[in-house]
Amino acid sequence: MKLRDLDIVVTAPPAPGWGGRYWQLVKLTTDDGITGWGEVYAASVGPDAMAGVIADVFQRHMEGENPENVELMFRRAYSAGFTGRPDLTAMGAFSGLEIACWDILGKARGRPVAALLGGVLNDPVRAYTYLYPLPHHDSDAFWVSPEMAAEAAAEAVARGYTAVKFDPAGPYTIRGGHQPAMRDIARSAAFCTAIREAVGDRADLLFGTHGQFAAAGALRLAEAIAPARPLWFEEPVPPDDWDGLARVAQGTPVPVATGERLTTKAEFALALKAGAAILQPALGRAGGLWEGKKIAVLAEAAGAQIAPHLYAGPVEWAANIHLAASLPNLLMVETIETAFHDRLIGGALKVEDGFVAVPDAPGLGIEVDEAVALAHPYTGSGLHLEMQEAPCDYVEENRFEGGAPAARD
């Protein structure tokens with residue numbers, strides 16, 4: 001069995017676009033006709049340029065290879081061009097292709113991917129959700145309203161979720177770490193208080209940020225939210241500020257989580273060394289499923305837990321679930337429930353009472369409806385996710401719209 005063909009499908013979820021502006025899906029086909037799907041997470045170049053990178057990685061390192069040889073293909077991609085170190089773009093491309101290899105291997109053997117990763121230890125898998133506006137909410141006011149967030153949290157808990165995530169702490173910008181505005185600190189504390197009052201002890205609070213703070217600023221924010229006992233403080237400093245991450249981890253009782261913007265075990269090892277208690281690999285960027293398993297082993301040895309990140313489409317979600325099923329140090333997985341996620345895979349993954357059943361069909365247990373994907377092409381110029389150029393506003397109110405900008409291009 002050899003890898004033969006590559007197809008790349010870029011699809012844009014309809015507004016409001018939970019999961020990003022577009023999703024980069026890859027389909028590999030073997031010489032005996034088995035197909036596998038993977039997904040490349042957010043890249044630092046546009047989808048047309050990224051398609052070229054994906055094609056180059058496939059042709060250079062994977063085409064004609066047995067899909068079993070994921071370690072060999074990883075070493076080729078990781079070392080290409082005299083690098084031998086984490087490269088976000090190349091490893092992002094490889095990650096999606098590697099996930100597709102596991103889908104193929106599972107189908108070839110008639111077994112779910114989780115069975116090939118050590119077997120199922122967790123089924124169903126605990127899930128958490130980001131807080132999104134309810135149908136009757138003002139979608140603009142929601143992001144700065146503790147009351148609306150509390151209502152959304154109560155609704156999520158009523159549906160069975162035992163953890164909810166929110167990020168009211170202001171914008172993430174191209175300017176690196178900064179001090180939060182005082183009103184952002186006050187709003188963050190108000191969100192935590194209101195949501196804690198709404199859910200009581202029925203759910204964990206997951207406080208999200210996006211690496212926008214200097215360590216001193218993150219510590220000021222952590223002090224303000226700590227009374228609500230959040231389970232984690234996500235990505236408090238820029239992703240390459242290891243000393244800052246260590247200062248925050250040592251300076252607050254709130255466990256520090258990070259990993260959405262990291263790739264390969266090399267970077268996750270540095271996060272663990274800095275004191276991260278919870279790692280959040282995005283499998284479409286972190287190196288794929290086999291590298292994700294290695295990251296989880298490093299975390300297990302360090303007494304840390306894994307909570308796979310998801311701000312993408314349902315193919316990465318499926319990969320996350322299979323990895324999660326095999327981990328003794330799993331905390332939970334992120335989910336995104338939209339009609340488009342559901343339609344794209346024919347309802348193959350479902351959150352029920354706050355948990356997701358591990359698919360028992362061969363491979364990832366999903367099939368992408370290509371007609372649905374192709375009916376929603378991406379025609380804009382923005383990247384999957386973007387940071388704003390304007391600095392934090394210390395005069396007027398900062399608003400961060402949960403990763404889904406109102407003006408979609």
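The values are calculated or read from the model by the stated rules, or taken from the named source; none is laboratory data. Since we're looking at a predicted model, the values are computed, not measured. A quick note on method: Cβ atoms are made from the backbone with ideal geometry, for glycine too, and the neighbour counts reach across all protein chains shown.
At-a-glance table
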quantity: Looking only at region 288-334, and only at residues there that are touching a residue at least 40 places away in the same chain (Cβ under 8 Å) and of a type in the set (V, I, T), the one that is farthest from E98 (Cα to Cα); calculated: V333
quantity: Residue match in region 64-73 (condition: in contact with a Cys (Cβ under 7 Å, 6 or more places away or on another chain) and assigned to a helix (DSSP H, G or I)); calculated: yes
quantity: Filtered residue count, region 44-65, keeping only those that are surrounded by 13 or more Cβ atoms within 10 Å (Cβ to Cβ), closer than 23 Å to I104 by Cβ and touching a strand residue (DSSP E or B) at 6+ places or on another chain (Cβ under 8 Å); calculated: 8
quantity: Single unsatisfied condition, H384 versus (1) in a loop (DSSP other than H, G, I, E, B); (2) closer than 19 Å to I104 by Cα; calculated: (2)
quantity: Tally of residues being surrounded by 13 or more Cβ atoms within 10 Å (Cβ to Cβ) and touching a helix residue (DSSP H, G or I) at 6+ places or on another chain (Cβ under 9 Å) across region 347-384; calculated: 21
quantity: Residues that are in contact with a strand residue (DSSP E or B) (Cβ under 6 Å, 6 or more places away or on another chain) and among the acidic types (D, E), drawn from region 14-35; calculated: D31
quantity: Scan of region 88-119 for residues that are charged (D, E, K, R) and closer than 17 Å to Q24 by Cβ, ordered by number; calculated: E98, D103
quantity: Per-region count, region 213-236, residues assigned to a strand (DSSP E or B) and either of a type outside the set (D, E) or out of contact with any Ser or Thr (no Cβ under 9 Å at 6 or more places or on another chain) (or both); calculated: 3
quantity: Selection count, region 209-263, where residues are more than 22 Å from P171 (Cβ to Cβ) and of a type in the set (F, W, Y); calculated: 1
quantity: Residue under evaluation R261, criteria (1) crowded, with 24+ Cβ neighbours inside 10 Å; (2) within 20 Å of P314 (Cα to Cα), criterion not met; calculated: (1)
quantity: Single condition L121 does not satisfy, out of (1) in a helix (DSSP H, G or I); (2) surrounded by fewer than 20 Cβ atoms within 10 Å (Cβ to Cβ); calculated: (1)
quantity: Test: G200 is under 16 Å from Q179 (Cα atoms) and either modelled with pLDDT of 95 or more or basic (K, R) (or both); calculated: no
quantity: Total residues in region 87-111, condition of a type outside the set (A, V, I, L, M, F, W, C), surrounded by fewer than 24 Cβ atoms within 10 Å (Cβ to Cβ) and more than 17 Å from the chain's Cα centre (by Cα); calculated: 5
